[in-house]
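The values are calculated or read from the model by the stated rules, or taken from the named source; none is laboratory data. Since this is a predicted model, take the numbers as computed values, not measurements. Every residue, glycine as well, gets a Cβ built from its backbone with ideal geometry; the counts of neighbours run over all protein chains shown. The accessibility values were calculated without ligands, DNA or RNA, using every heavy atom of the protein model including side chains. Shrake-Rupley method; radii C 1.70, N 1.55, O 1.52, S 1.80 Å.
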Amino acid sequence: MAKMHVKMTVNGKEVEALAEPRTLLIHFLREDLNITGPHIGCESSHCGACTVDIDGKSVKSCTMFVGQANGTDITTVEGLTNPDGSLGVIQEMFREHHGLQCGYCTPGMITRAHRLLQENPSPTEEEVRFGMAGNLCRCTGYQNIVKAIMASADMLNAQKEAAE
Amino acid sequence: MIPGAFEYHRPASVAEAAGLLSQLGDDARVLAGGHSLIPMMKLRMADLSHLVDLQDLDEMKGIKITVSSVTIGAMVTQHELIADDALAAAVPIIREAALQIADPQVRYVGTIGGNVANGDPGNDMPGLMQCLNATYEVQGTEASRMINAREFYESAYFTAREEEEILTRIHIPRPAGGTGYAYEKQKRKIGDYATAAAAVLVGGGEASVAMTNLSDTPVWSQDAGKALASGDVEGCVAAVMGAIDPADDMRGPVEFKKHVAGMILRRAIDRALSRAS
(Lines give C-alpha, C1' and ligand atoms only; values in the text may rest on other atoms or scores of the structure.)
Protein backbone atom coordinates (compact mmCIF):
# COMPACT_ATOMS: atom_id res chain seq x y z
CA MET A 1 0.00 0.00 0.00
CA ALA A 2 1.34 3.44 -0.94
CA LYS A 3 2.68 5.60 1.85
CA MET A 4 0.94 8.86 2.60
CA HIS A 5 2.49 12.23 3.29
CA VAL A 6 1.78 13.59 6.76
CA LYS A 7 2.63 16.92 8.34
CA MET A 8 2.00 17.97 11.92
CA THR A 9 3.44 19.98 14.78
CA VAL A 10 4.88 17.89 17.61
CA ASN A 11 6.08 19.66 20.76
CA GLY A 12 6.36 22.91 18.84
CA LYS A 13 8.36 21.49 15.93
CA GLU A 14 6.98 20.94 12.47
CA VAL A 15 7.29 17.35 11.33
CA GLU A 16 6.86 15.91 7.84
CA ALA A 17 7.07 12.24 6.97
CA LEU A 18 5.84 9.42 4.78
CA ALA A 19 3.88 6.76 6.61
CA GLU A 20 1.71 3.78 5.83
CA PRO A 21 -1.95 4.71 6.42
CA ARG A 22 -2.35 1.82 8.86
CA THR A 23 0.35 3.27 11.15
CA LEU A 24 -1.10 4.10 14.54
CA LEU A 25 -0.13 7.49 15.91
CA ILE A 26 1.64 5.93 18.93
CA HIS A 27 3.89 3.88 16.62
CA PHE A 28 4.57 6.93 14.44
CA LEU A 29 5.60 9.00 17.47
CA ARG A 30 7.78 6.32 19.01
CA GLU A 31 9.32 4.63 15.99
CA ASP A 32 9.45 7.32 13.32
CA LEU A 33 9.99 10.41 15.50
CA ASN A 34 11.80 8.69 18.40
CA ILE A 35 9.45 10.38 20.86
CA THR A 36 9.24 7.60 23.40
CA GLY A 37 7.53 9.40 26.28
CA PRO A 38 4.05 8.15 25.32
CA HIS A 39 4.02 4.44 26.19
CA ILE A 40 2.25 1.44 24.74
CA GLY A 41 0.38 -0.28 27.55
CA CYS A 42 -2.78 -2.18 26.67
CA GLU A 43 -2.88 -1.07 23.03
CA SER A 44 -6.66 -1.26 23.24
CA SER A 45 -7.64 2.25 24.45
CA HIS A 46 -8.17 1.24 28.07
CA CYS A 47 -5.01 2.14 29.99
CA GLY A 48 -4.13 5.68 28.84
CA ALA A 49 -0.32 5.19 28.88
CA CYS A 50 -0.24 6.44 25.25
CA THR A 51 -2.16 9.66 26.01
CA VAL A 52 -1.03 12.70 24.05
CA ASP A 53 -2.59 16.15 23.67
CA ILE A 54 -3.95 16.83 20.18
CA ASP A 55 -5.40 20.28 19.39
CA GLY A 56 -6.35 20.73 23.05
CA LYS A 57 -7.82 17.27 23.59
CA SER A 58 -6.42 14.30 25.52
CA VAL A 59 -6.26 11.40 23.07
CA LYS A 60 -5.20 7.76 23.33
CA SER A 61 -2.70 7.64 20.49
CA CYS A 62 -2.99 3.86 20.15
CA THR A 63 -6.49 4.39 18.79
CA MET A 64 -5.81 6.94 16.09
CA PHE A 65 -4.23 6.48 12.69
CA VAL A 66 -1.44 8.82 11.72
CA GLY A 67 -3.57 10.21 8.87
CA GLN A 68 -6.23 11.33 11.33
CA ALA A 69 -3.60 13.45 13.07
CA ASN A 70 -2.45 15.04 9.81
CA GLY A 71 -2.37 18.84 10.26
CA THR A 72 -2.76 18.77 14.03
CA ASP A 73 -0.73 20.23 16.89
CA ILE A 74 0.48 17.50 19.27
CA THR A 75 2.05 17.76 22.71
CA THR A 76 3.59 14.76 24.46
CA VAL A 77 5.06 14.56 27.95
CA GLU A 78 8.39 15.71 26.48
CA GLY A 79 6.70 18.99 25.48
CA LEU A 80 5.63 19.71 29.05
CA THR A 81 9.13 20.41 30.34
CA ASN A 82 10.24 24.02 30.79
CA PRO A 83 12.11 25.64 27.87
CA ASP A 84 15.41 25.24 29.78
CA GLY A 85 14.82 21.48 30.05
CA SER A 86 13.93 21.47 33.75
CA LEU A 87 10.77 19.70 34.91
CA GLY A 88 7.45 21.47 34.33
CA VAL A 89 5.13 22.08 37.27
CA ILE A 90 3.08 18.89 36.93
CA GLN A 91 6.20 16.80 36.34
CA GLU A 92 7.87 18.36 39.40
CA MET A 93 4.78 17.73 41.57
CA PHE A 94 4.67 14.07 40.50
CA ARG A 95 8.27 13.79 41.66
CA GLU A 96 7.75 15.68 44.89
CA HIS A 97 4.59 13.78 45.89
CA HIS A 98 5.88 10.43 44.67
CA GLY A 99 3.08 10.22 42.10
CA LEU A 100 4.72 7.23 40.47
CA GLN A 101 6.02 3.83 41.40
CA CYS A 102 7.23 1.90 38.35
CA GLY A 103 6.63 5.00 36.21
CA TYR A 104 5.13 3.27 33.20
CA CYS A 105 1.80 5.12 33.34
CA THR A 106 3.38 8.46 34.29
CA PRO A 107 3.74 10.11 30.85
CA GLY A 108 0.07 9.44 30.12
CA MET A 109 -0.96 10.58 33.60
CA ILE A 110 0.96 13.85 33.32
CA THR A 111 -0.21 14.60 29.78
CA ARG A 112 -3.84 13.96 30.78
CA ALA A 113 -3.46 15.99 34.00
CA HIS A 114 -2.12 18.89 31.90
CA ARG A 115 -5.34 19.07 29.86
CA LEU A 116 -7.55 18.49 32.90
CA LEU A 117 -5.97 21.48 34.68
CA GLN A 118 -6.23 23.63 31.54
CA GLU A 119 -9.98 22.99 31.49
CA ASN A 120 -10.53 23.05 35.23
CA PRO A 121 -7.71 24.96 37.01
CA SER A 122 -9.09 24.36 40.53
CA PRO A 123 -10.60 20.87 40.56
CA THR A 124 -11.93 19.08 43.62
CA GLU A 125 -10.38 15.72 44.45
CA GLU A 126 -13.50 14.04 43.06
CA GLU A 127 -13.15 15.97 39.80
CA VAL A 128 -9.52 14.91 39.53
CA ARG A 129 -10.48 11.25 39.99
CA PHE A 130 -13.28 11.53 37.42
CA GLY A 131 -11.05 13.43 35.00
CA MET A 132 -8.22 10.90 35.33
CA ALA A 133 -10.49 7.86 34.94
CA GLY A 134 -9.05 7.04 31.51
CA ASN A 135 -5.58 6.39 32.93
CA LEU A 136 -4.72 3.20 34.80
CA CYS A 137 -1.82 2.70 37.22
CA ARG A 138 -1.17 -1.00 37.69
CA CYS A 139 0.97 -0.26 40.76
CA THR A 140 -2.33 1.22 42.03
CA GLY A 141 -0.53 4.35 43.21
CA TYR A 142 -3.57 6.52 42.76
CA GLN A 143 -3.48 8.36 46.11
CA ASN A 144 -0.21 10.08 45.33
CA ILE A 145 -1.15 10.70 41.71
CA VAL A 146 -4.23 12.59 42.91
CA LYS A 147 -2.13 14.45 45.51
CA ALA A 148 0.40 15.43 42.82
CA ILE A 149 -2.34 16.81 40.57
CA MET A 150 -4.02 18.73 43.41
CA ALA A 151 -0.61 20.20 44.31
CA SER A 152 0.02 21.06 40.64
CA ALA A 153 -3.27 22.97 40.54
CA ASP A 154 -2.26 25.02 43.61
CA MET A 155 1.20 25.70 42.21
CA LEU A 156 -0.07 26.71 38.76
CA ASN A 157 -2.72 28.98 40.28
CA ALA A 158 -0.11 30.61 42.55
CA GLN A 159 2.17 31.19 39.56
CA LYS A 160 -0.70 32.71 37.59
CA GLU A 161 -1.58 35.04 40.48
CA ALA A 162 2.04 36.10 40.92
CA ALA A 163 2.26 36.92 37.21
CA GLU A 164 -0.84 39.17 37.33
CA MET B 1 -1.76 -5.19 17.16
CA ILE B 2 -1.36 -3.68 13.72
CA PRO B 3 -4.35 -3.53 11.40
CA GLY B 4 -4.31 -4.77 7.82
CA ALA B 5 -3.30 -2.33 5.11
CA PHE B 6 -5.86 0.10 3.69
CA GLU B 7 -6.06 3.26 1.65
CA TYR B 8 -6.95 6.42 3.58
CA HIS B 9 -9.43 8.98 2.22
CA ARG B 10 -10.41 12.31 3.70
CA PRO B 11 -13.33 13.75 1.68
CA ALA B 12 -14.32 17.41 1.99
CA SER B 13 -18.10 17.02 1.69
CA VAL B 14 -20.83 14.50 2.50
CA ALA B 15 -21.54 14.21 -1.23
CA GLU B 16 -17.91 13.29 -1.90
CA ALA B 17 -17.89 10.80 0.98
CA ALA B 18 -21.12 9.17 -0.23
CA GLY B 19 -19.68 9.02 -3.75
CA LEU B 20 -16.59 7.21 -2.42
CA LEU B 21 -18.73 4.68 -0.55
CA SER B 22 -20.88 4.04 -3.59
CA GLN B 23 -17.82 3.63 -5.84
CA LEU B 24 -15.74 1.49 -3.44
CA GLY B 25 -18.59 -0.70 -2.22
CA ASP B 26 -18.15 -3.25 0.55
CA ASP B 27 -14.39 -2.66 0.80
CA ALA B 28 -14.89 0.82 2.31
CA ARG B 29 -15.90 1.90 5.79
CA VAL B 30 -16.43 5.37 7.22
CA LEU B 31 -14.36 6.52 10.19
CA ALA B 32 -15.80 8.97 12.73
CA GLY B 33 -14.02 8.88 16.11
CA GLY B 34 -12.78 5.38 15.39
CA HIS B 35 -13.06 4.14 18.97
CA SER B 36 -15.24 1.20 17.94
CA LEU B 37 -13.81 0.59 14.47
CA ILE B 38 -10.05 0.89 15.11
CA PRO B 39 -10.00 -1.72 17.93
CA MET B 40 -11.88 -4.10 15.61
CA MET B 41 -9.37 -3.38 12.81
CA LYS B 42 -6.46 -4.10 15.17
CA LEU B 43 -8.02 -7.44 16.07
CA ARG B 44 -8.46 -8.03 12.31
CA MET B 45 -12.16 -8.53 12.94
CA ALA B 46 -12.99 -5.59 10.67
CA ASP B 47 -11.51 -6.15 7.24
CA LEU B 48 -11.48 -3.25 4.81
CA SER B 49 -9.36 -1.81 2.02
CA HIS B 50 -10.54 1.79 2.15
CA LEU B 51 -11.07 4.00 5.17
CA VAL B 52 -13.11 7.17 4.62
CA ASP B 53 -12.35 9.67 7.41
CA LEU B 54 -15.28 12.04 8.00
CA GLN B 55 -13.43 14.56 10.21
CA ASP B 56 -13.43 17.42 7.67
CA LEU B 57 -17.20 17.33 7.04
CA ASP B 58 -18.46 20.52 8.67
CA GLU B 59 -21.99 19.62 7.52
CA MET B 60 -21.91 16.86 10.14
CA LYS B 61 -20.75 19.05 13.03
CA GLY B 62 -22.47 21.39 15.44
CA ILE B 63 -25.57 21.42 17.63
CA LYS B 64 -28.64 23.47 16.62
CA ILE B 65 -31.38 24.17 19.12
CA THR B 66 -34.82 25.59 18.26
CA VAL B 67 -37.95 25.94 20.43
CA SER B 68 -39.24 22.55 19.34
CA SER B 69 -36.21 20.45 18.40
CA VAL B 70 -32.49 19.81 18.66
CA THR B 71 -30.32 18.76 15.71
CA ILE B 72 -26.94 17.20 16.47
CA GLY B 73 -24.34 16.58 13.77
CA ALA B 74 -23.14 12.99 13.70
CA MET B 75 -19.49 14.09 14.17
CA VAL B 76 -20.24 15.88 17.46
CA THR B 77 -18.12 14.19 20.14
CA GLN B 78 -19.33 13.04 23.54
CA HIS B 79 -17.09 15.75 25.01
CA GLU B 80 -18.86 18.42 22.95
CA LEU B 81 -22.27 17.08 24.00
CA ILE B 82 -21.24 17.36 27.66
CA ALA B 83 -19.70 20.84 27.27
CA ASP B 84 -22.74 22.39 25.55
CA ASP B 85 -24.75 24.26 28.21
CA ALA B 86 -27.61 25.13 25.85
CA LEU B 87 -28.03 21.45 25.02
CA ALA B 88 -27.92 20.55 28.71
CA ALA B 89 -30.73 23.06 29.32
CA ALA B 90 -32.84 21.81 26.39
CA VAL B 91 -32.34 18.02 26.77
CA PRO B 92 -30.47 17.41 30.04
CA ILE B 93 -30.62 13.61 29.82
CA ILE B 94 -28.03 13.72 26.99
CA ARG B 95 -25.30 15.19 29.22
CA GLU B 96 -26.23 12.79 32.03
CA ALA B 97 -25.83 9.81 29.69
CA ALA B 98 -22.71 11.06 27.87
CA LEU B 99 -20.87 11.49 31.18
CA GLN B 100 -21.36 7.77 31.78
CA ILE B 101 -19.80 6.71 28.47
CA ALA B 102 -16.22 5.39 28.45
CA ASP B 103 -13.55 7.77 29.87
CA PRO B 104 -12.39 11.36 29.21
CA GLN B 105 -9.96 10.51 26.41
CA VAL B 106 -12.51 8.38 24.58
CA ARG B 107 -15.18 11.09 25.00
CA TYR B 108 -12.93 13.70 23.34
CA VAL B 109 -12.86 11.60 20.17
CA GLY B 110 -15.89 9.28 20.20
CA THR B 111 -18.88 10.71 18.32
CA ILE B 112 -22.63 10.47 18.79
CA GLY B 113 -22.97 9.41 15.15
CA GLY B 114 -20.58 6.51 15.53
CA ASN B 115 -22.25 5.51 18.77
CA VAL B 116 -25.73 5.31 17.22
CA ALA B 117 -24.79 4.07 13.74
CA ASN B 118 -22.57 1.14 14.72
CA GLY B 119 -25.46 -0.95 15.99
CA ASP B 120 -23.51 -2.23 18.98
CA PRO B 121 -26.07 -3.24 21.63
CA GLY B 122 -23.58 -2.13 24.31
CA ASN B 123 -23.60 1.50 23.18
CA ASP B 124 -25.60 3.90 25.33
CA MET B 125 -26.87 6.43 22.79
CA PRO B 126 -29.16 4.10 20.77
CA GLY B 127 -31.41 3.38 23.76
CA LEU B 128 -31.36 7.03 24.76
CA MET B 129 -32.29 8.10 21.22
CA GLN B 130 -35.20 5.64 21.23
CA CYS B 131 -36.33 7.04 24.57
CA LEU B 132 -36.20 10.58 23.10
CA ASN B 133 -37.98 9.48 19.87
CA ALA B 134 -35.07 10.78 17.79
CA THR B 135 -34.84 10.55 14.01
CA TYR B 136 -31.61 9.77 12.13
CA GLU B 137 -30.88 11.48 8.83
CA VAL B 138 -28.91 9.29 6.44
CA GLN B 139 -27.39 10.37 3.15
CA GLY B 140 -26.37 8.29 0.16
CA THR B 141 -25.71 9.52 -3.35
CA GLU B 142 -29.45 10.33 -3.66
CA ALA B 143 -31.54 12.61 -1.44
CA SER B 144 -31.23 12.09 2.31
CA ARG B 145 -33.86 10.08 4.16
CA MET B 146 -35.11 9.96 7.74
CA ILE B 147 -35.26 6.83 9.89
CA ASN B 148 -36.82 6.81 13.36
CA ALA B 149 -34.42 5.51 16.03
CA ARG B 150 -37.12 3.08 17.19
CA GLU B 151 -37.09 1.45 13.74
CA PHE B 152 -33.34 1.64 13.06
CA TYR B 153 -31.93 -1.36 14.93
CA GLU B 154 -32.53 -4.81 13.38
CA SER B 155 -30.07 -6.97 15.31
CA ALA B 156 -26.53 -6.59 16.68
CA TYR B 157 -24.56 -4.49 14.16
CA PHE B 158 -27.40 -4.64 11.62
CA THR B 159 -29.37 -1.46 11.08
CA ALA B 160 -31.72 0.17 8.57
CA ARG B 161 -28.82 2.20 7.16
CA GLU B 162 -27.64 0.93 3.77
CA GLU B 163 -23.90 0.24 3.33
CA GLU B 164 -23.38 3.25 1.07
CA GLU B 165 -25.32 5.64 3.30
CA ILE B 166 -23.79 7.93 5.95
CA LEU B 167 -25.65 8.88 9.10
CA THR B 168 -25.25 12.67 9.03
CA ARG B 169 -27.54 14.20 11.66
CA ILE B 170 -29.77 13.33 14.57
CA HIS B 171 -33.04 15.21 15.08
CA ILE B 172 -34.56 15.15 18.57
CA PRO B 173 -37.94 16.61 19.56
CA ARG B 174 -37.48 18.68 22.73
CA PRO B 175 -39.20 17.16 25.75
CA ALA B 176 -41.82 19.48 27.29
CA GLY B 177 -40.58 21.80 30.06
CA GLY B 178 -40.66 20.11 33.48
CA THR B 179 -40.23 16.61 32.05
CA GLY B 180 -38.41 14.43 34.58
CA TYR B 181 -35.44 12.50 33.21
CA ALA B 182 -32.78 10.01 34.24
CA TYR B 183 -30.10 7.90 32.61
CA GLU B 184 -28.99 5.21 35.02
CA LYS B 185 -26.19 2.77 34.18
CA GLN B 186 -24.62 -0.13 36.02
CA LYS B 187 -21.13 -1.06 34.83
CA ARG B 188 -18.30 -3.16 36.26
CA LYS B 189 -15.71 -0.40 35.93
CA ILE B 190 -15.07 2.94 34.22
CA GLY B 191 -15.01 2.48 30.49
CA ASP B 192 -17.07 -0.70 30.48
CA TYR B 193 -20.30 -1.19 28.61
CA ALA B 194 -23.45 -1.38 30.69
CA THR B 195 -24.43 -4.52 32.52
CA ALA B 196 -27.79 -2.75 32.31
CA ALA B 197 -28.80 0.83 31.65
CA ALA B 198 -32.14 2.64 31.61
CA ALA B 199 -33.29 5.88 29.99
CA VAL B 200 -36.49 7.35 31.44
CA LEU B 201 -38.50 10.48 30.59
CA VAL B 202 -41.70 11.21 32.51
CA GLY B 203 -44.01 14.18 32.97
CA GLY B 204 -47.08 15.98 31.61
CA GLY B 205 -49.03 12.73 31.29
CA GLU B 206 -46.39 11.16 29.06
CA ALA B 207 -43.48 8.79 29.59
CA SER B 208 -40.85 6.95 27.57
CA VAL B 209 -38.57 4.11 28.72
CA ALA B 210 -35.67 2.39 26.93
CA MET B 211 -33.03 -0.11 28.07
CA THR B 212 -29.43 -0.70 26.94
CA ASN B 213 -27.42 -3.93 26.52
CA LEU B 214 -30.23 -6.24 27.53
CA SER B 215 -30.97 -7.65 24.08
CA ASP B 216 -29.26 -7.65 20.67
CA THR B 217 -30.84 -4.23 20.06
CA PRO B 218 -31.86 -1.44 22.43
CA VAL B 219 -35.28 -2.09 23.97
CA TRP B 220 -37.90 0.67 23.87
CA SER B 221 -41.20 -0.50 25.34
CA GLN B 222 -44.37 1.35 24.43
CA ASP B 223 -46.31 -0.53 27.12
CA ALA B 224 -43.75 0.47 29.75
CA GLY B 225 -44.10 4.12 28.76
CA LYS B 226 -47.89 3.95 28.86
CA ALA B 227 -47.86 2.35 32.31
CA LEU B 228 -45.43 4.91 33.72
CA ALA B 229 -47.41 7.79 32.16
CA SER B 230 -50.45 6.64 34.15
CA GLY B 231 -48.42 6.38 37.35
CA ASP B 232 -48.17 2.57 37.33
CA VAL B 233 -44.50 1.95 38.23
CA GLU B 234 -44.99 -1.80 38.78
CA GLY B 235 -46.70 -2.13 35.40
CA CYS B 236 -43.83 -0.24 33.78
CA VAL B 237 -41.19 -2.52 35.33
CA ALA B 238 -43.21 -5.63 34.40
CA ALA B 239 -43.51 -4.46 30.76
CA VAL B 240 -39.74 -3.86 30.54
CA MET B 241 -38.91 -7.20 32.15
CA GLY B 242 -41.11 -8.88 29.55
CA ALA B 243 -39.41 -7.04 26.69
CA ILE B 244 -35.72 -7.55 27.53
CA ASP B 245 -33.81 -10.66 26.49
CA PRO B 246 -30.32 -10.54 28.05
CA ALA B 247 -27.65 -13.09 27.15
CA ASP B 248 -25.29 -14.92 29.48
CA ASP B 249 -21.78 -13.40 29.10
CA MET B 250 -18.80 -12.12 31.12
CA ARG B 251 -21.04 -9.47 32.69
CA GLY B 252 -23.08 -12.19 34.34
CA PRO B 253 -25.73 -14.86 33.89
CA VAL B 254 -29.22 -14.07 32.63
CA GLU B 255 -30.89 -14.05 36.06
CA PHE B 256 -28.30 -11.58 37.41
CA LYS B 257 -28.77 -9.27 34.45
CA LYS B 258 -32.54 -9.31 34.88
CA HIS B 259 -32.08 -8.47 38.55
CA VAL B 260 -29.74 -5.57 37.71
CA ALA B 261 -32.08 -4.36 34.95
CA GLY B 262 -34.96 -4.16 37.44
CA MET B 263 -32.87 -2.29 40.01
CA ILE B 264 -31.46 0.16 37.48
CA LEU B 265 -34.89 0.82 35.98
CA ARG B 266 -36.44 1.51 39.40
CA ARG B 267 -33.63 3.90 40.27
CA ALA B 268 -34.06 5.69 36.95
CA ILE B 269 -37.81 5.97 37.44
CA ASP B 270 -37.38 7.31 41.00
CA ARG B 271 -34.89 9.93 39.90
CA ALA B 272 -36.93 10.95 36.84
CA LEU B 273 -40.11 11.30 38.94
CA SER B 274 -38.24 13.38 41.54
CA ARG B 275 -37.17 15.76 38.76
CA ALA B 276 -40.60 16.06 37.09
CA SER B 277 -42.56 19.22 37.83
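The mean count of C-beta atoms from other chains within 10 Å of the C-beta of residues in B:37-44, rounded to a whole number, is 3. A 1.4 Å probe run over segment A:39-164, with the rest of the protein chains in place, finds 45 Å² accessible per residue. The order of the peptides B:187-197, A:40-50 by mean Cβ neighbours within 10 Å, most packed first, is A:40-50, B:187-197.
Give the relative contact order (percent, whole number) for chain B; include only Cα pairs under 8 Å separated by 6+ residues. Numbers along the way, then the final one.
On the way: 614 pairs, mean separation 44.3, N = 277.
Relative contact order for chain B comes out at 16 percent.
Taken residue by residue and averaged, Cβ atoms of other chains lying within 10 Å of the Cβ of B:186-193 number 2. Relative contact order, whole percent, for segment A:89-163 stands at 50, derived from Cα pairs under 8 Å and 6 or more residues apart.
Considering only protein heavy atoms, what per residue accessible area in square angstrom results for segment B:125-239 with a 1.4 angstrom probe? Please list the in-between numbers first.
Values: 4640 Å² over 115 residues.
Result: 40 Å² per residue.
Annotation note: trypsin sites (Lys or Arg not before Pro) in segment B:1-84 located in DSSP loop regions with a Cβ neighbour count of at most 14 within 10 Å are B:44.
Could you check how much of the accessible area of segment A:4-79 is carbon and sulfur, as a whole percent, using a 1.4 Å probe?
After summing per-atom areas, the C and S share lands at 42 percent.
Reported value for segment B:58-173: 99 Å³ per residue, from the convex hull of its C-alpha atoms.
Which whole number in µm²/s is D for segment A:89-163 by Stokes-Einstein, with the Kirkwood Rh taken over Cα pairs at 4 °C and 1.567 mPa s? Kindly include the intermediate steps, with their values, before the conclusion.
Working: Rh = 12.1 Å.
Reported coefficient: 107 µm²/s.
Computed from Cα atoms, the angle from the helix B:254-275 axis to the main principal axis of chain B rounds to 70 degrees.
If I take all pairs of Cα atoms in the protein assembly as shown, what percentage of them are more than 26 Å from each other? Looking at the protein assembly as shown, the distances longer than 26 Å represent 58 percent of pairs. The share of alpha-carbon pairs in segment B:138-277 lying farther apart than 24 Å comes to 38%. In whole percent, what relative contact order does segment B:65-195 give with Cα contacts below 8 Å and a gap of six or more residues? Relative contact order here is 31 percent. How would chain A be classified by its alpha-carbon gyration tensor: rounded, prolate or oblate, with rounded meaning a/c under 1.5 and the a/b versus b/c comparison settling the rest? Prolate is the answer for chain A, as a/c is 1.5 or above and a/b outweighs b/c. Normalised size of segment A:25-104, defined as Cα radius of gyration per 2.2 N^0.38 Å with N residues, equals 1.13.
Inter-chain neighbour count for B:62-68: the average number of beta-carbon atoms from partner chains within 10 Å of each residue's beta-carbon is 0.
Using alpha carbons only, how many angstrom separate the centre of segment B:206-266 from the centre of segment B:1-75? Taking the Cα centre of each part, segment B:206-266 and segment B:1-75 sit 32 Å apart. From most to least packed by mean Cβ count within 10 Å, the peptides B:46-54, B:66-74 give B:46-54, B:66-74.
Dipole orientation for segment A:89-163: of the candidates A:104, A:124, A:149, A:104 has the Cα lying most toward the positive pole (charges on Cβ; Lys, Arg +1; Asp, Glu -1).
Would you mind classifying chain B by shape? Square roots of the alpha carbon gyration tensor eigenvalues, ordered a ≥ b ≥ c; an a/c under 1.5 is rounded, otherwise it is prolate if a/b is larger than b/c and oblate if not.
prolate
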